1. Looking only at region 56-81, which residues have a backbone nitrogen under 14 Å from a spot 7 Å from the Cα of A27 in the C-beta direction?
2. At 7 Å along the Cα-to-beta-carbon direction for both S132 and Q174, put a label point, then send me their distance in nm to one decimal.
3. Taking region 1-97, which trypsin sites (Lys or Arg not before Pro) meet the DSSP loop condition and have no more than 14 other C-beta atoms within 10 Å?
4. If each of T154 and Y188 carries a label point 7 Å out from its Cα toward its Cβ, how far apart are those two points in nm?
5. Let me have the relative contact order for the chain, percent, based on Cα pairs under 8 Å that are six or more residues apart.
6. About its Cα centre, how strong a charge dipole does the chain have in debye, to the nearest 20, once Lys and Arg get +1 and Asp and Glu get -1 at the Cβ?
7. Alpha carbon centre of region 64-110 versus region 38-57: separation in Å?
8. Averaged over every viewing direction, what's the projected area of the C-alpha convex hull for the chain? Give it in nm², one decimal, please.
Amino acid sequence: MKTKLCEIANIRSGHPFRGTIKPIPKAETQVVQVRDVNEFGEINIKKLITTKLIGRKIPDWLQAQDILFIAKGARHFATFVQQLPEQTVCSPYFFIIRINIEQKSTVLPEFIYWQLNQRPVQKYFKISAEGSLHVSIRRKILEDTPIALPPIATQQKIVALHRAAIKEQKVLQQLINNRRQQLDVIAYELINA
């Protein structure tokens, strides 16, 4: 089955900060920014800054199973919220995608996150992006993103494969880093011999 993202999910903008997000130590609100997402698409919770939110409106806190989509910048990709501190928001560089309650039994949020980062959808974003200096994806473009919905069992298998691939990437990256460090030590010893 094929559908549009807006037919299975609610999409909204990140918290409307005005200007730079100012870090305030020991404040209760944590903020996910683009720089907090690592090369594996994971949110580094230890790097989140804390700040104070201004305004009367109660923020819509991020929840586990939310998908954050980076809509502004050179790369447009999604990250998956597994676990965050209770009072956490994201910057306006993100769109928050939350699967509708009615679809929870037939749609895995982690599968949608995976699909948004795959070549066919990335090609759609590349063609649809606007701007020359500051490239961005409008909300309407994200809402109209074509999504394939195989049976839930297939979604689960794909998610499991994706998780295994991420683990493999991390192991390979660690091996590359170890080899680089080893060669750096050899080069240092040769120069200083």
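Any read-out appearing in this document is the output of simple, stated calculations on the displayed coordinates, not a laboratory observation. None of these values were measured; they are calculated from a predicted model. Cβ atoms come from the backbone with ideal geometry, glycine included; neighbour counts cover every protein chain shown.
1. 56, 59
2. Here the answer is 4.7 nm between the modelled labels.
3. Filter output for region 1-97: R18, K26, K52, R56, K57, R75.
4. Going from the T154 label point to the Y188 one covers 5.2 nm.
5. 26 percent
6. My answer is approximately 400 debye.
7. 13 Å
8. The number I arrive at for the chain is 14.7 nm².
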